[in-house]
Amino acid sequence: MIAAPARASVRFYAELNDHLAHHQRYLTLEKTFFVPPSVKEFIESFGIPHTEVELVLVNGESSDFSRLVQAGDRIAVYPVFESLDITPELRVRPQQLREPRFVLDVHLGRLAAYLRMLGFDTAYRNCTADAELARISAEEERILLTRDRGLLKHSAVTRGYWLRETDSRRQAAEVVNRFDLARSLRPFTRCMACNQPLRPVSKSEVLDRVPHPVAERHDNLRECPACRRIYWEGSHYHRMHRWIEELARC
Ligand SMILES: [Zn+2]
């Protein structure tokens, strides 16, 4: 006996359409299958990472990712809602972290520095394997930021976000907007190189480690307890400050 293929339809809402080809966006899409896929597999077969999905309705009822898709199912897939109130039991992902922490995919070193400069706890190394990134994200409850959709399909990753922007400064603004962080910025409190919170130091403690004019002109010095780097409010600081003020207004 030869099984007939089954067919189910899906509609993706709002920014989930960013992942689809132009001709597929904002339309009801159909797919045939012989072996019923899970809802997660069905959604990801369209290129949508499950980490971007907040709510799935199958034939009008909320569903989790493990449900098997049946012939004739009508599936609606919604992204994270920023303004709509969804009751927690309908969510397919854990609640948003209140104090978001991040782990960044390799090649996002500049974004890591910007996020740290804004005060966010950001794990980053430039040579971390995909499975290790997924593990860090899960175990340390960090949001995995990446430009690689495939990485977000790891089942271990429940918190992740696919960056739309390619420029690192625009990516930082994108993250602030996407996770509603404009009021959580704590600029210049964290080492841009190694992510450690900075501590204030007196001039006398570090006199031998900063250029003489810096020590003369600046009172507000901070030190990274890990790499011992000294931070002060130089011209770079003031340039960045203007950018951060713009971010805080968005
Ligand atoms: Zn440091």
Discussion item. I'm trying to understand the selection: among the residues of the range 5-39, which are among the small types (Gly, Ala, Ser), part of a strand (DSSP E or B) and closer than 20 Å to Pro49 by Cβ?
Written reply: Ala8, Ser38
Worksheet entry | Selection status of Val39, within 21 Å of the chain's Cα centre (by Cα), surrounded by 13 or more Cβ atoms within 10 Å (Cβ to Cβ) and not hydroxyl-bearing (Ser, Thr, Tyr) | no
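Within the range 104-114, identify whether any single residue is modelled with pLDDT under 90 and farther than 27 Å from Trp232 by Cβ, and answer yes or no.
Checked the range 104-114: no residue is modelled with pLDDT under 90 and farther than 27 Å from Trp232 by Cβ.
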Response to the item:
Checked Ala193, Ala182 against criteria (among the small types (Gly, Ala, Ser), within 16 Å of the ligand (Cβ to nearest atom) and either more than 24 Å from Leu144 (Cα to Cα) or not in a helix (DSSP H, G or I) (or both)); the one match is Ala193
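Just give me the residues in the range 152-197 being hydroxyl-bearing (Ser, Thr, Tyr), over 12 Å from the mean Cα position of the chain (by Cα) and modelled with pLDDT of 90 or more, in sequence order.
Listed by number, the residues that qualify are Thr166, Ser168, Thr189.
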Fill in: Any pair with Cβ under 8 angstrom, 6 or more apart, that starts in the range 192-213 at a residue that is farther than 14 Å from Ala113 by Cα and ends at one that is small (Gly, Ala, Ser) and part of a helix (DSSP H, G or I)
Lys203/Ala215; Val206/Ala215; Leu207/Ala215
Discussion item. Being exposed (fewer than 15 other Cβ atoms within 10 Å of the Cβ) and either away from the ligand (no atom under 16 Å from the Cβ) or of a type outside the set (D, E, K, R) (or both) is the requirement here; does Glu174 meet it?
Written reply: no
Item to complete: With the checklist (1) surrounded by 19 or more Cβ atoms within 10 Å (Cβ to Cβ); (2) within 21 Å of Ala193 (Cα to Cα); (3) of a type outside the set (Asp, Glu) in hand, flag the one item Arg159 doesn't pass.
Response: (2)
Worksheet item: in contact with a Leu (Cβ under 7 Å, 6 or more places away or on another chain) and charged (D, E, K, R): does that describe Arg147?
Response: yes
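Within the group Asp130, Asp167, which residue is free of Cβ contacts under 8 Å to residues at least 12 places away in the same chain, more than 16 Å from the ligand (Cβ to nearest atom) and among the acidic types (Asp, Glu)?
Within the list Asp130, Asp167, the selection yields Asp167.
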Worksheet item: surrounded by 15 or more Cβ atoms within 10 Å (Cβ to Cβ) and within 15 Å of the chain's Cα centre (by Cα), is that true of Arg149?
Response: yes
Worksheet item: Of everything in the range 196-224 that's in contact with a strand residue (DSSP E or B) (Cβ under 6 Å, 6 or more places away or on another chain) and in a loop (DSSP other than H, G, I, E, B), which residue is farthest from the ligand (Cβ to nearest atom)?
Response: Val210
Worksheet, complete the sentence: Within the range 45-66, of all residues that are part of a strand (DSSP E or B) and more than 22 Å from the chain's Cα centre (by Cα), the one farthest from Leu151 (Cα to Cα) is Glu61
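The values are calculated or read from the model by the stated rules, or taken from the named source; none is laboratory data. This one's a predicted model, so the numbers in the text were calculated from it and none came from an experiment. So basically every Cβ, Gly included, is an ideal-geometry build from the backbone, and we count neighbours across all protein chains shown.
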